[in-house]
């Protein structure tokens, strides 16, 4: 096989591979999985936080993609299409997985005195919080904080902020109204802010 | 005569709409009037925005994992059996 220059595969190349798959070429399926598996695995690991579940979800996602291949018209980008399929497979997995009891989110939300003033007025975060994300320690800190959110809120935050789906798509996938998605996302972000605050506040230096 | 400032509680409750630019002009001005008078809410707003940015950056900067041969084999096998 001729070696290809590094970088993303040209669109023509992708179309050719899809054609080979449509005609049932086994090697083409293998190449397709190798080409896109990494990205799908990354999504599944972020959403499911279990290697076994992530592998299962990626398998399910590929099978769904293969089934839907005849209908893939190429009107959206292949990577976007696959990403949605993977997200969906992960949601199915989350639904079947033994649920941990949904903890209350209230204790992670800001609290106020009767006069409406915050009981713990916010303090500015250090300038380099985002730059700190280059360090694995900080990345796992953010990941762990996300994982501490109650499951329903965690899912919405991961879909909207980490996977960057829009409100309508998220609502459709979860069978919720857009206003319910917005409300839960806001609470999830507030809760995540509460969990990250001790690590990033300026006076903690 | 100016209306009283919104409270920090109200600010916090509708903060997302402010961040998403979903407020009408009158409400947005109310928010900004509160911000001008309340450093704690300025700090809160900023850290709220950065929380979202950190979550986004986590997704965007994840190193792409390699695809284990076992996974490729498993996908192909289940396709054959499907």
(request) Could you check how many residues of segment A:120-140 are more than 7 Å from every other protein chain (Cβ to nearest Cβ) and either under 17 Å from residue B:44 (Cβ atoms) or surrounded by fewer than 18 Cβ atoms within 10 Å (Cβ to Cβ) (or both)? (result) 11
(message) Which residue is surrounded by the fewest Cβ atoms within 10 Å (Cβ to Cβ), if the candidates are limited to segment A:56-76 and must be touching a residue at least 12 places away in the same chain (Cβ under 8 Å) and within 7 Å of chain B (Cβ to nearest Cβ)?
(response) A:66
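One line per residue, one yes/no per condition, for (1) in contact (Cβ under 8 Å) with a residue 24 or more places away in the chain; (2) more than 15 Å from residue A:122 (Cα to Cα); (3) in contact with a helix residue (DSSP H, G or I) (Cβ under 6 Å, 6 or more places away or on another chain):
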{"site": "B:5", "(1), (2), (3)": "yes, yes, yes"}
{"site": "B:11", "(1), (2), (3)": "yes, no, yes"}
{"site": "B:16", "(1), (2), (3)": "no, yes, yes"}
{"site": "B:25", "(1), (2), (3)": "no, yes, no"}
{"site": "B:45", "(1), (2), (3)": "yes, no, no"}
(message) Which numbered condition in (1) surrounded by 15 or more Cβ atoms within 10 Å (Cβ to Cβ); (2) more than 9 Å from every other protein chain (Cβ to nearest Cβ) is the only one that residue B:7 fails?
(response) (2)
(request) Quick one: in segment B:44-80, of everything that is more than 7 Å from chain A (Cβ to nearest Cβ) and farther than 21 Å from residue A:36 by Cβ, which residue is surrounded by the fewest Cβ atoms within 10 Å (Cβ to Cβ)? (result) B:49
(request) Considering (1) facing another protein chain (nearest Cβ under 10 Å); (2) under 30 Å from residue A:151 (Cβ atoms), say which one residue A:53 fails and leave the rest. (result) (1)
(request) Just name the residue that is surrounded by the most Cβ atoms within 10 Å (Cβ to Cβ) out of those in segment A:22-44 that are farther than 14 Å from residue B:76 by Cα and at the interface with chain B (Cβ under 7 Å from one of its Cβ atoms). (result) A:41
(request) Name, by its number, the condition in (1) closer than 19 Å to residue B:62 by Cα; (2) in contact with a helix residue (DSSP H, G or I) (Cβ under 7 Å, 6 or more places away or on another chain) that does not hold for residue A:173. (result) (1)
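Bear in mind these aren't lab numbers, they're just calculated from the coordinates by the rules spelled out. The model shown is predicted, which means the values in this text are computed figures rather than measured ones. Cβ: placed from backbone, ideal geometry, glycine included. Neighbour counts: every protein chain shown.
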